Amino acid sequence: MSPELILPLLAAAVQSGTPILYATLGEIFTEKSGILNLGVEGIMMIGALAAFVTTKFSGSPVLGFLLGGCAGALLAGMHGMVCLGFQGNQVVSGLALTILGVGLADYLGTPFIGQTAPGFTMMPMPILSKIPLLGPVFFRHDPLIYTSYLIPPLMWVFFRYTRWGLGMRAVGENPRAASAGGLRVIGYRWAGILIGGYLVGFGGAYLSLAYTHLWTNGLSAGRGWIAVALVIFSFWHPGRAVVGAYLFGGVMAFQLRLQATGTYIPSSLLLMLPYALTVIVLVFSSWKGQGIEAPAALGVNIEPSE
Amino acid sequence: MWSSCLILFGALVLSLAVSAIMLALQDKPPLAAIAILFKGAFGSLNAIQDCLIKAVPIYLCSLGVAIAFRLQIWNIGAEGQYALGAIGATWVALRLPDLPWFVVIPGMLAMAFIAGGLWGLIPAVLKIHMRANEIIVTLMFNYLAILFLDYLVYGPWKDPVSFGFPMTREFSASAIVGKIGNTGLNWGIILCIFSGMAIWIFFRYTRLGYELKASGENIRAARYAGLPYDRLVILVMVLSGALAGWAGFLEASATINRLQPSIIVGYGYTAIVVAWLARLNPFYIGIASFLLAGLRVGLENLQLDLQVPAAFGGIMEGLILLTVLAGGFFIDYRIELRKKS
C-alpha cells in the first residue's frame with residue numbers, strides 16, 4: 001500500500017484508539033490501588049452522555065469534557081461505596097455498575113437520539129504537524145488527543161517517583177503491610193476509584209464530543225470491556241496501554257473502511273474483528289505474562305477491622 | 001433468612017425511589033408509573049402468566065450462571081451461550097422440518113446443549129491452559145455470538161419470503177415446543193423444574209457437587225486436598241453454557257417460533273442479577289426469576305402507557321443489585337457480633 005493510503009489509516013487508528021486509551025489508563029489507575037472495577041463500559045456511557053448534554057446546553061465542549069469526567073467519577077463512586085463502604089463483591093459490583101450505567105445513559109439519552117452537539121474539531125499542532133510521517137499521524141487531530149498524549153508519561157512518573165504513587169502501589173500489592181506502615185489504605189483506594197473513574201469518563205466524553213458529535217444508544221459498543229482486557233495486555237504499564245489502544249483503534253478504523261468500500265464480506269462478520277482480536281490478545285498476553293504483574297491484592301476487599 | 005428478605009425488600013424500596021426520581025426527571029408521573037409497573041406485572045392472571053413465560057429463559061440462564069459462580073468462576077457469557085443454543089436448535093429445526101416432533105425436539109434439545117456448552121467450554125479451556133481471564137473472554141464471546149446470529153439471519157438462513165426482514169422461516173409444527181393445555185405456558189417450564197431439581201440434588205447429595213462447593217469456598221485449599229479443580233472448571237462452564245443454551249432453544253422454539261435478532265433481549269445479564277439476589281440457590285433463583293420477569297412485563301406496560309424507554313429496566317436491575325451487594329454487609333456483620341460474645 002502507498003503512503004497516501006497508510007497515513008490516513010494510521011491517523012484514524014490514533015483517533016479511534018483514543019477513547020479506549022483514556023478508559024484503559026483509568027482502569028490501570030484504579031487497579032493499581034487494588035480495586036477491580038468492571039463498570040468501565042457503564043462509566044464510559046455515562047461520561048459520554050454527561051459530556052454531550054452539557055455541551056449541547058452550554059455550548060462549551062471543554063466544560064462538557066470536564067463534566068463527562070465528573071459523571072464518570074460519580075458513578076465509579078458507587079463502586080467505592082459498595083466495595084469500600086460495605087465490603088461488596090468487586091466483580092459483581094462492577095457488573096452492576098455496567099448494567100446501571102448503560103441503562104441510565106440509554107434512558108436519559110432517549111430524547112437526544114440522533115441530535116448533534118458542537119464538539120472538538122481538528123487543530124493541527126503548529127510546528128509538529130509538519131514533521132513527515134509523524135506529523136500527519138499524531139499531530140493533526142483534536143485537542144483531546146493531544147491531552148491524551150500527556151497522561152501516560154504523567155502516570156508513569158506518578159507511580160514510579162512520587163510518594164503518593166508509591167503509596168498507591170503498596171496499597172494495591174499488600175494492603176496489610178501498607179496499613180501497618182501508616183498508609184491510609186481506604187483513602188488511597190478511594191483515590192484510585194475516583195481518579196480512574198474520571199479518566200474513564202473522559203474516554204466516554206471523547207466518543208460523543210470528538211468521535212461522533214452525535215448521540216446514539218450504545219455509543220461505546222464494548223469499548224469499555226476492550227479497555228479492561230487491554231489493562232491485562234499492558235501488564236498495568238501506561239506505556240504499553242498506548243500500544244494496545246492504537247492497535248485496537250487501527251482494527252476498528254480498518255474495519256470501518258472495509259465496510260465503506262462495499263466489500264463482499266458481511267458487515268456482521270467484519271464487526272466481529274475487534275472482539276475476536278480482544279480474545280486473541282488477551283489469551284496471548286495472559287499466556288506470555290502469566291499474570292505475574294497484576295497488583296497482588298487486586299479484587300480483594302479489606303476487612304473492616306483492619 | 002429474615003435479614004436477607006429485609007435487605008431484598010430494602011433494596012427494592014431504594015431502587016424504586018431512585019427510579020421514581022428518574023421518571024420525574026423526564027416529566028412522567030412517578031407514582032402512577034410505579035402503580036402501572038406493579039399492576040402490569042402482577043395485576044391479573046394473564047399478567048402473571050406472562051411473567052412465568054419470561055421467567056423460564058431467565059431461570060435457566062441464571063441456574064447456569066449460579067453453578068459457575070459457586071466455583072468462583074465468573075461466567076458473564078450467558079447471553080452468548082443463550083444465542084448459541086438458539087442457533088444450534090434452529091439448525092436442527094431447519095434441517096429436519098419433516099420428521100416427527102419426538103425426533104426433532106430431542107435433537108434440538110441436544111444441539112442447543114452442545115452449542116451452548118461449547119460456548120462455555122472454550123473460555124474454560126482458555127482459562128485453564130492459557131490463564132485467560134474468563135470474565136473478559138465470556139463477555140467478548142457474547143458479542144461474537146450475537147454478531148454470528150445476525151450474520152445467519154441476514155445471510156444464509158434468511159427466509160426468502162420475509163420481505164427483507166432478518167429472520168429464518170417459521171419452524172415446522174414438529175419443531176415447536178407446545179403449550180400446556182389451554183394455558184399460554186409452554187412445556188419449557190417443566191424443563192426448568194427438572195433442571196433446578198437436578199442441580200439441587202447434585203450439590204446436596206453427590207460427591208462431585210460437594211467437591212465443587214468446597215473448591216468454590218477456597219480454591220487453594222481444594223487444590224491442596226487434591227480436588228480436580230481444572231476438571232471442575234470445565235464441567236461447570238459446559239453445564240452453565242448448556243443451560244443458557246436451553247433457554248435460547250426454548251425462546252426460539254416456543255416463544256418466537258423462528259430465529260431472529262429480537263431474540264436477544266439481555267436475559268443473560270438479568271440472569272446474573274437473579275443469581276446474586278438468590279444467593280445462588282436453585283429454589284430462590286426461581287422466585288427471583290419470577291420477580292425480575294415481572295419487572296420486564298411491567299415495563300412493557302409502562303412503555304405502552306407512558307412511553308418510558310426500555311432502558312429503564314437496566315437502571316432498576318443495576319440499582320437492585322448494587323443495594324443488595326451493599327446490604328450483604330449487614331448479614332456478614334451480624335455473624336461477626338455473635339462470634340465475639
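Quick notes on this structure:
- Take the Cα radius of gyration of segment A:80-144 and divide it by 2.2 N^0.38 Å, N being the number of residues; the result is 1.91.
- Chain B: translational diffusion in µm²/s, Stokes-Einstein, Kirkwood Rh over Cα pairs, 10 °C, 1.306 mPa s: 76
- Segment A:1-159 - Debye-derived log10 I(q)/I(0), Cα point model, q = 0.11, 0.14, 0.17, 0.19 Å⁻¹: -0.55, -0.83, -1.09, -1.22
- As a proxy for reagent exposure, B:Lys39, B:Lys54 were ordered by neighbouring Cβ count within 10 angstrom, fewest first; the result is B:Lys39, B:Lys54.
- Between B:Ser44 and A:Glu173, the simple label model (points 7 Å from Cα in the Cβ direction) yields a spacing of 6.6 nm.
- Tail beyond 19 Å, pair distance distribution of segment B:191-248 (Cα, percent): 34
- Between segment B:194-251 and segment B:1-30, the alpha-carbon center distance in angstrom: 34
- C-alpha long axis of helix A:223-233 to longest principal axis of chain A, angle in °: 60
- Placing pseudo-labels 7 Å out from each Cα toward the beta carbon at A:Val243 and A:Leu273 gives an inter-label distance of 2.1 nm.
- With both labels modelled 7 Å from their Cα along Cα-to-Cβ, the B:Asn218 to A:Leu166 distance reads 3.6 nm.
- Our summary gives chain A a relative contact order of 37 percent, counting only alpha carbon pairs under 8 angstrom and 6 or more residues apart.
- Per-residue 3J(HN,Hα) values for segment A:209-215, derived from phi via the Karplus relation 6.51 cos²θ - 1.76 cosθ + 1.60 with θ = phi - 60°, read 9, 10, 7, 10, 6, 8, 9 Hz in sequence order (x marks Gly and Pro).
- For the residues B:Phe312, B:Phe42, B:Phe165, a GNM of chain B with alpha-carbon springs under 10 Å puts the largest fluctuation on B:Phe165.
- Fewest-first sequence of B:Tyr82, B:Tyr229 by Cβ atoms within 10 Å of each Cβ: B:Tyr229, B:Tyr82
- Stretchable slack from A:Ala260 to A:Met123, in nm (0.36 nm times residue separation minus alpha-carbon distance): 46.8 nm
- Placed amide H near B:Asn75: partners under 5 Å, 5+ positions off or other chain: B:Phe69
- ³J(HN,Hα), Karplus 6.51/-1.76/1.60, whole Hz, each residue of segment B:107-114, x for Gly, Pro: x, 5, 4, 5, 5, 5, 4, 5
- Three-way shape call for segment B:1-102 based on the alpha-carbon gyration tensor, with the a/c threshold at 1.5: prolate
- The mean number of partner chain beta-carbon atoms within 10 angstrom of a residue's beta-carbon across peptide A:261-272 is 4.
- Proximal charge balance of A:Tyr188 [Cβ under 10 Å; K/R count +1, D/E count -1]: +4
- The string of couplings for segment A:57-69 from the Karplus curve (6.51, -1.76, 1.60, θ = phi - 60°) is 8, 9, x, 10, x, 5, 4, x, 4, 5, 6, x, x Hz, one whole number per residue in order, with x for Gly and Pro.
- Amide H contacts of A:Phe120 (H built 1.01 Å from N, under 5 Å, at least 5 apart or other chain): A:Ala210
- For B:Asn133, no residue has an amide H sitting under 5 Å from its own, ignoring neighbours fewer than 5 places away on the same chain, with H placed 1.01 Å from N.
- Relative exposure of A:Arg189, B:Arg220, A:Arg176, judged by other C-beta atoms within 10 Å (fewest first): B:Arg220, A:Arg176, A:Arg189
- Links that overshoot a 26 Å alpha carbon limit, given the list B:Lys179/B:Lys213; B:Lys127/B:Lys213; A:Lys32/B:Lys213: B:Lys179/B:Lys213; A:Lys32/B:Lys213
- Choice from A:Ala178, A:Ala276, A:Ala296 showing the highest fluctuation, given a GNM over chain A with Cα pairs closer than 10 Å: A:Ala276
- Evaluated at q = 0.12, 0.15, 0.21 Å⁻¹: base-10 log I(q)/I(0), Debye formula over Cα of segment A:206-306: -0.53, -0.76, -1.16
- GNM result for chain A, Cα springs below 10 Å: residue of A:Val62, A:Val157, A:Val242 fluctuating most strongly: A:Val157
- Diffusion coefficient of segment A:139-190 by Stokes-Einstein, Kirkwood radius over Cα pairs, 4 °C, 1.567 mPa s: 104 µm²/s.
- Of the Cα atoms belonging to the protein assembly as shown, the radius of gyration and Dmax stand at 24.6, 79 Å.
- Straight-line cross-link reach from A:Lys56 at under 15 Å between alpha-carbon atoms covers no aspartates and glutamates, not counting any fewer than eight positions away in the same chain.
- Two-decimal log10 I(q)/I(0) for chain A, as the Debye equation yields it once each C-alpha is a single scatterer, q = 0.11 Å⁻¹: -0.65
Every read-out reported here was derived from the displayed coordinates using simple, explicitly stated rules and does not represent laboratory data. In this text, all values refer to a predicted model and were calculated from it rather than measured experimentally. Neighbour counts run over all protein chains shown; Cβ positions are idealised from the backbone, glycine included.
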